[in-house]
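Just so you know, all these numbers are worked out from the coordinates, no wet-lab data involved. From a predicted model like this one, the values you see are computed outputs, not experimental measurements. Glycine gets a Cβ as well: all are built from the backbone with ideal geometry, and neighbour counts include every protein chain shown.
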Amino acid sequence: MMTTGFVVAIDGPAGAGKSTVAKLVAEELGYAYIDTGAMYRAVTLKLINTGTAFSPEAVGRIARGMHISFKPDGKVNRVFADGLEITEAIRSTAVTDAVSRVAALGAVREAMVAQQRRMGQEGNVVLDGRDIGTVVFPQAGCKVFLTASVDERARRRYEELKAKGQTVDLEQIKHDIAVRDKKDSERELAPLKQAEDAVLVDTSALTIDQVVATILKLVRERQ
């Protein structure tokens, strides 16, 4: 996939802080931010909201028929599907529980990758996901694989949900993250894995500012 500008690809497992970091990196560089995980969540939300029975054919039709876009609004990257804002709705527990199954479907991935490439083809973009550096933009100028321990990712998710007033169990969150990692790593199509030329960044003991600074340094070295 040829682009006319610079592409920063940030991959990694759920809860590693990819979205937060990618937004800040994009802001610092003056690049556009494309939240690929939100795109798969958007398809999942539409599947749930329409009450459509799960099948590869039905979910593929939903994905192909959707137009997903992003609009930066201060610190928030607002998400729209067919003109309707779904920024908060795609973060529901129901969507989180079902998104891996949806994202594993070939027809869905094909539709989303086409949209991602279309949005990113002019370059000067930051994308985060599971397979940006391996599948979507294998020629990205800078590739990062962001990770953290299961315990740390669970702690972050626990604090996030608790701050929203939700009753949550830390051990259950740890279990759910481990299950999600297994699903994402073992799926047949575009599994979660580190690209050979990606730089591994473990965020377990780093602050967000430290992670952002690390990635910005990598980007500037490669530009």
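Here is a yes/no grid of residues against (1) of a type in the set (Val, Ile, Thr); (2) surrounded by fewer than 22 Cβ atoms within 10 Å (Cβ to Cβ); (3) more than 18 Å from the chain's Cα centre (by Cα):
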residue	(1), (2), (3)
9	no, no, no
20	yes, yes, no
36	yes, no, no
47	no, no, yes
77	no, yes, no
80	no, yes, no
103	no, no, no
Could you check, for the range 19-30, whether at least one of its residues is outside any helix (DSSP H, G or I), among the acidic types (Asp, Glu) and in contact with a Leu (Cβ under 9 Å, 6 or more places away or on another chain)?
-> no
Please work out which residue is farthest from residue 134 (Cα to Cα), limiting yourself to the range 182-193 and to residues that are crowded, with 17+ Cβ neighbours inside 10 Å and not basic (Lys, Arg).
-> 184
For the range 126-159, what are the residues that are within 17 Å of the chain's Cα centre (by Cα), not in a loop (DSSP other than H, G, I, E, B) and not aliphatic (A, V, I, L, M)?
-> 128, 129, 133, 134, 142, 143, 145, 147, 153, 156, 157
How many residues are touching a strand residue (DSSP E or B) at 6+ places or on another chain (Cβ under 7 Å), among the small types (Gly, Ala, Ser) and more than 17 Å from residue 208 (Cβ to Cβ) if we restrict to the range 140-164?
-> 2
With criteria (1) over 18 Å from the mean Cα position of the chain (by Cα); (2) closer than 15 Å to residue 114 by Cα; (3) among the β-branched types (Val, Ile, Thr), residue 59 comes up short on (2)
Pick out the one residue from 126, 108, 136 that is crowded, with 22+ Cβ neighbours inside 10 Å, more than 29 Å from residue 212 (Cα to Cα) and touching a residue at least 60 places away in the same chain (Cβ under 8 Å).
-> 108
Residues (more than 13 Å from residue 38 (Cβ to Cβ), free of Cβ contacts under 8 Å to residues at least 12 places away in the same chain and hydrophobic (A, V, I, L, M, F, W, C)) located in the range 51-83 = 53, 58
Taking the range 170-223 and the residues there that are of a type in the set (A, V, I, L, M), touching a residue at least 60 places away in the same chain (Cβ under 8 Å) and outside any helix (DSSP H, G or I), the one that is farthest from residue 127 (Cα to Cα) would be 189
Flag if residue 209 is surrounded by fewer than 13 Cβ atoms within 10 Å (Cβ to Cβ) and over 23 Å from residue 106 (Cα atoms) | yes
